[in-house]
Amino acid sequence: MRVLRLVFYGFGLFVFLGLVYYIIGLIQYRLNVMDVEEYEPVSTLVVPENPITRAKYPFVDVHNHQWVMPIQDLDNLVDEMEELNMAVMVNLSGFRGKVLEWSLDNVNEKQTNRFKLFVNINFELVDDEGWPEIVLDQIQTGYDQGARGLKIYKEFGLDDLDNDGNRLKVNDSRFDPVWEKCAQLGIPILIHTGDPSSFWELKDKYNERWLELKQKPGRYRSPDKYPPFEEIMAEQHDLFYKHPNTTFINAHLGWYGNDLGKLGALLDTLPNVYTEIGAVLAELGRQPRTARQWMIDYQDRVLFGKDTYKKEEYYIYFRVLETADEYFDYYRKRHAHWKMYGLDLPDSVLQKLYYKNALKVIPDLDERLFE
């Protein structure tokens with residue numbers, strides 16, 4: 001009997017909870033409650049629209065990731081690049097050793113001048129026997145194979161640890177030989193340090209990255225595990241100051257796309273540093289007047305980058321950069337629940353952003369592609 005009572009009570013509780021859930025749903029419906037992820041209003045605004053599917057000038061995408069390049073059908077990829085007017089793609093995920101060799105073999109078979117690869121190294125070898133020669137050899141070998149830059153992923157400064165379990169700081173002097181090696185070879189370092197500052201803030205209604213942190217909870221930077229955003233960025237800036245002969249490309253507008261004044265002040269003091277707009281276009285598109293003037297003022301220091309490759313997403317980049325359109329959608333809601341506005345950049349600025357600055361920074365680009 002006791003077992004039957006427990007079963008009965010359990011069933012009753014189940015029915016009760018189900019009824020409560022049903023009633024809550026009815027109340028939400030009656031109150032017109034909707035989750036922000038579902039809300040996709042169609043604008044009634046009537047303004048000129050100038051969607052663009054092809055860049056006005058040939059461009060270099062300095063921030064791209066192609067993860068299977070050793071076996072990839074590059075002819076199909078180049079066909080898409082032609083439609084976009086992308087002259088050169090920089091694959092930052094070149095890796096090293098045999099993977100880099102196989103990728104370059106694939107590139108050189110048919111598409112020699114359309115791709116540049118960056119080499120990747122393992123910073124967690126810092127306490128192992130043979131440091132730093134082992135990574136310097138990786139860089140030199142990658143350069144000899146055809147790599148024309150070094151890519152630093154965000155794990156360096158956030159998650160990479162030494163053999164004692166300590167976080168590897170971006171400006172740790174043990175890595176000085178790496179930066180000097182790149183200066184010696186004349187190759188740039190594209191460095192991604194940290195994340196948007198909002199990832200360090202409370203996950204509440206005031207956090208403008210709340211939706212992204214909801215959908216991607218692993219991106220939250222808990223103070224129990226990570227130092228403050230300001231500390232990590234200060235390490236990066238100290239690295240730039242310490243190595244004035246090394247060319248750095250500070251990825252994602254250095255995570256200061258929301259504070260272009262601070263980014264400009266940094267560039268003013270660091271002539272060896274460039275930046276790029278990969279995955280942060282939404283920061284520019286929400287402040288069209290400020291961003292337009294900033295892009296004009298720093299036209300010699302900004303490169304075009306996209307990050308994740310998806311052909312149709314480039315269209316929004318072109319529209320923000322080239323038109324004066326108002327109030328149009330970004331392509332990824334969790335990055336920008338706000339609308340975009342075009343910067344209508346002058347042709348001379350577009351040319352520098354799209355390819356002229358890249359020609360100064362990345363070795364061995366084929367200038368005939370931009371004639």
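Values in this text are rule-based calculations from the coordinates and carry no lab data. For clarity, every value in this text was computed on a predicted model and none was experimentally measured. Ideal geometry is used to build each Cβ from the backbone, glycine not excepted, and the neighbour counts take in all protein chains shown.
Test of understanding: among L92, L45, L74, L84, which residue is over 28 Å from P188 (Cβ atoms) and of a type outside the set (S, T, N, Q)?
Working: L92 fails: over 28 Å from P188 (Cβ atoms); L74 fails: over 28 Å from P188 (Cβ atoms); L84 fails: over 28 Å from P188 (Cβ atoms).
On inspection, the qualifying residue turns out to be L45.
A single member of T275, T246 is without any contact (Cβ under 8 Å) to a residue 40 or more places away in the chain, under 28 Å from F156 (Cβ atoms) and outside any helix (DSSP H, G or I), and it is T275. Taking each residue of region 106-126 that is part of a helix (DSSP H, G or I) and looking for partners that are acidic (D, E) and surrounded by 15 or more Cβ atoms within 10 Å (Cβ to Cβ) with beta-carbon atoms closer than 6 Å, six or more apart or interchain, yields F123/D160; E124/D160. The residue that is surrounded by the fewest Cβ atoms within 10 Å (Cβ to Cβ), counting only those in region 166-186 that are touching a residue at least 60 places away in the same chain (Cβ under 8 Å) and hydrophobic (A, V, I, L, M, F, W, C), is A183.
Within region 252-294, the set of residues being closer than 20 Å to I187 by Cβ, hydrophobic (A, V, I, L, M, F, W, C) and touching a strand residue (DSSP E or B) at 6+ places or on another chain (Cβ under 6 Å) comprises V273 only. Consider K339 carefully, then state whether it is of a type in the set (K, R), closer than 22 Å to H63 by Cα and surrounded by 14 or more Cβ atoms within 10 Å (Cβ to Cβ). No: the conditions fail for K339.
Have a look at Y354, Y315 and point out the one that is closer than 21 Å to K116 by Cα and within 20 Å of the chain's Cα centre (by Cα).
Numbers: Y315 fails: closer than 21 Å to K116 by Cα.
Just a single option satisfies the conditions, and that option is Y354.
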